[in-house]
Amino acid sequence: MENNYEKRIGFGTRVGAKLVDSVILIILALFIVGPILGSIIGASEAADASEALMKAQGNDMAEFEAAMEGTGKVVGGFFAGLLLALPITGLFYGLIEGFTGASPAKMMFGIKVGNEDGTTANVSTYMKRWAIYNSSFLCSLIALLIGISFMSTVGSICGIIILIGCFFVLAEPKQSFHGKWSQTAIFNKADLS
């Protein structure tokens, strides 16, 4: 079988795309999704605080305490929204590549996930690659949702393995562990057949 290593995208371009994706993700999370989630959570807390303030009507000290508690809840709700924004935005942002084979930055750079042989991959292949690459996050999510704490440890181990595997792109096949395991590689979009 003839190899197509020279057509595969190397480490530098992939790191550049990852950095651009990270900047886009942080901007989306902190300036769009975070404030929206924070406003929703904060508004809910504000309604509770308003109710407490109405009950305390006429008692100056109780009114003051209710107002201070309400302010704390609103601010806390806003920051909770910001904290939740990064993993939620990251999940949906990452799924763009899972469904299309290219993150927004990869699209800007003109590169895309393809099969090892240089042919265009299908959505199930993209999703397999996405799941392997994000196995650390998925294991941690399972640990959080189901309460199986050892899955968090499994997720950490997966994350370390995937991180080490990313440096294998520096070698001649230009293929990471998650690329090998999903039988994919990154190509210029124009080189995919």
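The values are calculated or read from the model by the stated rules, or taken from the named source; none is laboratory data. Being a predicted model, the structure only gives us computed values, none of them experimental. With ideal geometry, Cβ positions are generated from the backbone for all residues, glycine too; neighbour counts draw on all protein chains shown. Protein only, heavy atoms only, side chains kept; ligands, DNA and RNA dropped before computing areas. Shrake-Rupley method; radii C 1.70, N 1.55, O 1.52, S 1.80 Å.
Sort through Phe109, Phe92 and tell me the only one that's of a type outside the set (Asp, Glu) and modelled with pLDDT under 95.
None of the other options fit; the residue is Phe92.
Taking the criterion of being in a helix (DSSP H, G or I), in contact with a strand residue (DSSP E or B) (Cβ under 9 Å, 6 or more places away or on another chain), touching a residue at least 40 places away in the same chain (Cβ under 8 Å) and open to solvent by 20 Å² or more (accessible area, probe 1.4 Å), would at least one residue in segment 84-99 satisfy it?
No, the conditions are met nowhere in segment 84-99.
Considering only segment 124-150, state which residues are surrounded by 12 or more Cβ atoms within 10 Å (Cβ to Cβ), aliphatic (A, V, I, L, M) and out of contact with any Gly (no Cβ under 6 Å at 6 or more places or on another chain).
Selection gives Ala131, Ile132, Leu138, Leu141, Ile142, Ala143, Leu144, Ile148.
Can you name the condition, by its number, that Phe109 falls short on among (1) of a type in the set (Phe, Trp, Tyr); (2) within 11 Å of the chain's Cα centre (by Cα); (3) under 17 Å from Ile24 (Cβ atoms)?
(2)
When you check Lys73 against the structure, is it under 29 Å from the mean Cα position of the chain (by Cα), open to solvent by 40 Å² or more (accessible area, probe 1.4 Å), modelled with pLDDT of 75 or more and on the phi < 0 side of the Ramachandran plot, yes or no?
no
Of all the residues that make up segment 150-193, how many are touching a residue at least 24 places away in the same chain (Cβ under 8 Å), of a type in the set (S, T, N, Q) and assigned to a helix (DSSP H, G or I)?
The qualifying residues number 1.
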